[in-house]
Each structure stands twice: as C-alpha cells, then as structure tokens.
Amino acid sequence: MADTTNSNDVFSVIEKARFVPLIVLSDAEDAVPMAQALVEGGLPIAEVTFRTSAAAEVMRQMSYHVPECLVGAGTVHSVTKAKEAVDAGARFIITPGLNPAVVDWCLSHDIPVIPGTVTPSDLETALDFGLDVCKFFPAEAYGGIKTLKALAGPYADIRFLPTGGVNMANARSYLDLPNVIAVGGSFLTPSALVKAKDWDGIAKTCKEAANIVKE
C-alpha cells in the first residue's frame with residue numbers, strides 16, 4: 001500500500017542520516033531482521049534494490065513490520081517496477097539513470113524520486129522536472145569528489161547522493177562537500193554479513209558509519 005509521506009519528509013530523514021544503505025536480499029525472511037539491524041545501527045533507511053525476485057516482498061515485510069525504517073526502492077528501470085515498489089510500501093524511488101517516464105510517473109503520484117545522473121545534460125533534464133536531489137552514479141568511475149566540486153558551480157541548486165565506489169574510507173570526504181545530501185552503497189550491508197545472517201554485524205557496521213556523521 002502506498003504511503004503518503006511527502007518529499008520533504010523523505011529528504012529530511014536522508015539528510016539527517018547522511019547514509020542510505022543499499023539492500024540486496026534473495027530471501028524475504030531476512031527482510032525484518034535486516035530492517036531491525038539498520039534501525040539499531042542508527043541508519044533507519046533501506047534502498048531495497050530490484051536485483052532479486054524477492055525485492056517487492058522484502059519492501060512489503062520491512063514496511064509493515066518495521067515502520068520506523070524508511071523503505072525505498074532502488075534499481076528501478078521502469079514505471080511498472082515503480083508501481084510495484086509503491087504498492088509494496090516503498091516511500092521513495094531511486095533509479096540508476098535518469099528515466100523520464102519513471103520520473104514523470106513518480107512526480108505525478110507524489111512519490112519522492114532520486115534519479116541517477118552523471119552529466120550536465122542529465123542535470124538539465126532533472127532541473128526541467130523541478131528536481132533538486134539527484135543520485136550521482138557511478139560516483140568514483142565518473143570523477144568522484146573532483147566532479148562533484150566542478151558541478152557545484154553551474155548546478156548550485158542540486159544536491160547529490162553519490163553511490164558506486166563510495167566506501168567507509170572515503171565517505172567522510174564526500175560528506176564534507178556542501179552539495180552532498182548523503183552517500184549510499186552496499187558497503188553498509190556487506191554481502192558476507194548478509195549471507196551469514198549476521199544482523200549484529202550489520203548493525204555494528206551502520207553504527208560505524210553513523211559515528212562518522214557524529215564526529
């Protein structure tokens with residue numbers, strides 16, 4: 001069931017946390033303990049990616065059983081997937097690239113959307129849609145911090161969510177940039193810990209990231 005949370009609410013939570021954990025789960029039974037680990041770790045946000053067939057059910061389980069966790073959908077390539085995500089309880093959409101059809105659908109249905117961008121042309125399209133928060137992906141491959149600094153001049157009104165190559169070692173450098181709202185990635189939910197169902201380990205990793213913000 002769709003949530004009525006508006007964009008300001010969603011972006012406020014993301015800006016406060018400064019990290020957006022990327023979630024890849026093949027078993028929906030792991031959804032609730034994963035969400036609980038994120039909350040315990042101080043990062044109550046989940047970008048559940050459509051990289052497995054269990055994704056929609058993972059969103060549904062997280063949204064229903066752990067409502068204090070802000071659940072969104074990632075790797076959304078089509079309007080069909082965006083609809084599926086929202087029906088499963090997703091409260092925001094993140095896309096790898098800027099898909100005009102997906103962005104238009106999300107805005108028409110008051111669903112916060114963060115499209116993937118890497119070029120000035122992408123950002124011009126985002127501005128045409130009235131967006132002021134964009135994903136920067138893959139961040140490190142496209143110049144990382146150096147590129148974001150260069151984009152800050154002509155696109156001063158846009159804040160970025162860099163993902164792709166961002167990790168615990170360089171996260172602070174990204175977060176120090178005034179045009180970065182938060183950083184994201186699977187480094188917050190390491191696949192080895194997910195496979196081992198080490199939810200305490202994931203909570204510990206999230207706490208380590210949260211401490212970067214506190215410091």
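Size of the dipole of segment 73-215 about the Cα centre, Lys and Arg at +1 and Asp and Glu at -1 on the beta carbon, nothing else charged, in debye to 20? Could you put the intermediate results ahead of the total?
Numbers: 13 positive and 15 negative charges, 100 e Å.
That gives segment 73-215 a dipole magnitude of about 480 debye.
With each run of n ≥ 4 DSSP H residues scored as -39500 (n - 2.57), what mean residue ellipticity at 222 nm is computed for the chain after dividing by its residue count and rounding to the nearest 500 deg cm²/dmol?
-12500 deg cm²/dmol
Could you sort the peptides 8-18, 145-155 by per-residue average Cβ neighbour count (10 Å cutoff), highest mean leading? Present the calculation step by step, with values, prior to reporting the outcome.
On the way: 8-18: 16.5, 145-155: 14.9.
Peptide ranking by packing, descending: 8-18, 145-155.
Suppose each label sits 7 Å from its Cα in the direction of the beta carbon; what would the Lys214-Glu124 distance come out to in nanometres?
4.6 nm
Please compute, for the alpha-carbon atoms of segment 7-208, the extent along each of the three principal axes and give them in descending order in Å.
Largest first, segment 7-208 extends 45, 37, 26 Å along its Cα principal axes.
So which aspartates and glutamates pass the test for Lys149, namely a Cα distance under 14 Å, with those fewer than 8 places away in the same chain ruled out?
Cα-Cα hits under 14 Å: Glu140, Asp157, Asp176.
If I stretch the segment between Ser53 and Lys207 completely, what's the gain in nm (0.36 nm per residue apart, minus their alpha carbon distance), one decimal?
Numbers: separation 154, 0.36 × 154 = 55.44 nm, distance 2.90 nm.
That pair, Ser53 and Lys207, stretches by 52.5 nm at full extension.
We did not get these values from a lab; they are worked out from the coordinates using the rules stated. These numbers were taken from a predicted model, which means no experiment stands behind them. Counting neighbours? That spans all protein chains shown, and the Cβs are built from the backbone with ideal geometry, glycine included.
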